[in-house]
Amino acid sequence: QVQLVESGGGLVQPGESLRLSCVASGIRISPFAMGWYRQAPGKQRDMVATIASNGRIDYAESVKGRFTISRDNAKNTVFLQMNSLKPEDTAVYYCRRLGIGTYWGQGTQVTVSA
């Protein structure tokens, strides 16, 4: 059974940082692109960052310079380091294994509020 389990979300103040983790089980992530997506209440789910199997990285314009995606294939884990968080970053953050037969995690809530 394939599972992607996110963790690391929480409530922080503007300007603070969080590090999200996504641990995969039942699959090996090394051959696949992995991504982080987010969905705010009443809005569609949007791409935040993706990292290909060859290490190529793409970011949404709104997070460039603040967020960093990385992967540890040996640990079957993908990370999202989020710095200088803003209230507009508040959303449920989802991990995704891209490609045919894509998989999603259950999401972790990130709330940025003073």
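Here, each number is a calculation from the coordinates, and none is a lab measurement. Remember, predicted model here, so these are calculated numbers, not experimental data. Heads up, the Cβs are rebuilt from the backbone with ideal geometry, glycines too, and the neighbour counts pull from every protein chain shown.
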TODO: Find the Rg to Rh ratio for segment 1-45, where Rh is the Kirkwood radius over alpha-carbon pairs and Rg uses the same atoms.
DONE: 1.04
- [ ] Throw me the Rg/Rh for the chain, computed over C-alpha atoms with Kirkwood Rh, two decimals.
- [x] 0.95
Task: By average C-beta atoms within 10 angstrom, highest first, the peptides 95-108, 77-90, 2-15 - done: 77-90, 95-108, 2-15
Task: Net charge over other residues, Cβ less than 11 angstrom from the Cβ of residue 4 (K, R count +1; D, E count -1) - done: +1
TODO: Please list, or write none, the lysines whose alpha carbon is within less than 28 Å of the alpha carbon of residue 86, excluding same-chain residues fewer than 8 places away.
DONE: 43, 64
Open item on the list: Need one number: nm distance between label points at residue 60 and residue 19, each 7 Å from Cα along Cα→Cβ, rounded to one decimal.
Closed with: 2.3
